[in-house]
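Working notes for the structure below.
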Amino acid sequence: MHKNKVITGYTNYSDPNLDVAGNSAVAALTGNTHFTFVNAELTTLTSTQTAFHTKLAAVATGNAIAIIEKNDARNDLLAALRIIAIQVNLQADGDLLKLQSSGLPMANLPQHHLQSAPADLSVDNGNSGELIAKVSKSPVGDNGTVFAYSLASNTVSDPELWTLKPVTSHTVTVKDLTPGTEYKFSAAYKGNDNDDLVWAPPVSKFANK
């Protein structure tokens with residue numbers, strides 16, 4: 001089961017991004033009642049962030065000693081961020097609001113993309129009594145498609161009340177239809193489990209004789 005966490009490692013951050021991350025954490029954690037740091041973790045983070053910010057500005061001169069001092073300050077800030085991030089994860093215990101209040105970036109936060117209706121639903125003839133419905137893959141990704149079909153004469157407009165054909169792909173072949181009879185199809189992408197299905201406008205087609 002997924003558990004919300006903040007990032008604990010920042011070694012891949014560029015110097016400017018690390019400076020921003022440290023400053024954001026200090027600002028957000030100072031006075032934050034969700035967290036208690038009994039071993040002066042926040043004090044250490046504040047001092048190392050200030051030192052790194054100062055040393056980072058000094059490297060603009062191109063002085064070799066300034067670069068060495070900046071790198072040392074960077075390592076100190078990386079260690080301080082890791083220690084405080086571990087504490088934030090332990091104390092928040094997955095609580096998203098608490099974690100986000102820390103000012104530290106989230107790790108592996110599930111992304112949610114609201115699905116729209118398929119824009120290119122098509123229905124073609126297959127063999128006698130067969131119709132093949134197709135859509136393209138959702139532009140935001142999907143978990144497959146739910147196709148719905150019914151007699152075209154059916155006055156029920158809600159596709160969820162038609163015959164449903166959920167598939168993990170983007171095409172379905174419906175067999176054993178009555179040749180020469182008109183059917184209507186719709187389709188919706190499968191997103192997250194709790195997402196409502198967003199149906200495409202119906203497309204009608206006569207089954208081959």
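Overview of values
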| read-out | value |
| --- | --- |
| Residue within the range 53-63 that is touching a strand residue (DSSP E or B) at 6+ places or on another chain (Cβ under 8 Å) and small (Gly, Ala, Ser) present | no |
| Test: residue in the range 102-115 that is at pLDDT below 95 and assigned to a strand (DSSP E or B) | yes |
| Residue tally, condition touching a strand residue (DSSP E or B) at 6+ places or on another chain (Cβ under 7 Å) and farther than 18 Å from Ala119 by Cα, over the range 182-209 | 5 |
| Scan of the range 159-204 for residues that are under 31 Å from the mean Cα position of the chain (by Cα), surrounded by 19 or more Cβ atoms within 10 Å (Cβ to Cβ) and either of a type in the set (Lys, Arg) or part of a strand (DSSP E or B) (or both), ordered by number | Val172, Phe185, Ser186, Ala187, Ala188, Tyr189 |
| The range 162-203: number of residues that are among the acidic types (Asp, Glu) and at positive phi | 1 |
| Considering residues of the range 39-87 that are surrounded by 20 or more Cβ atoms within 10 Å (Cβ to Cβ), among the hydrophobic types (A, V, I, L, M, F, W, C) and closer than 18 Å to Pro16 by Cα only, the residue farthest from the chain's Cα centre (by Cα) | Ala73 |
| Filter pass, Thr50 being without any contact (Cβ under 8 Å) to a residue 12 or more places away in the chain and either touching a helix residue (DSSP H, G or I) at 6+ places or on another chain (Cβ under 9 Å) or not assigned by TED's automatic domain parsing to the domain that holds Gln100 (or both) | yes |
| Qualifying residue in the range 94-113 (condition: free of Cβ contacts under 8 Å to residues at least 40 places away in the same chain and farther than 30 Å from Ser186 by Cβ) | yes |
| Residue within the range 60-73 that is of a type outside the set (Ser, Thr, Tyr) and touching a Leu at 6+ places or on another chain (Cβ under 6 Å) present | yes |
| Ile132 more than 28 Å from Asn39 (Cβ to Cβ), exposed (fewer than 14 other Cβ atoms within 10 Å of the Cβ) and free of Cβ contacts under 8 Å to residues at least 60 places away in the same chain | no |
| Residue in the range 30-37 that is closer than 19 Å to Gly103 by Cβ, in a helix (DSSP H, G or I) and in the same structural domain as Asp95 (by TED's automatic domain parsing) present | no |
| Any hit, the range 85-93, residues being touching a helix residue (DSSP H, G or I) at 6+ places or on another chain (Cβ under 9 Å) and among the acidic types (Asp, Glu) | no |
| Residue list for the range 125-154, filter: under 21 Å from Lys209 (Cβ atoms), among the aliphatic types (A, V, I, L, M) and in a loop (DSSP other than H, G, I, E, B) | Ala152 |
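The values are calculated or read from the model by the stated rules, or taken from the named source; none is laboratory data. Please read all numbers here as calculations on a predicted model, not as lab measurements. Please note: Cβ atoms are built from the backbone with ideal geometry, for glycine as well, and neighbour counts cover all protein chains shown.
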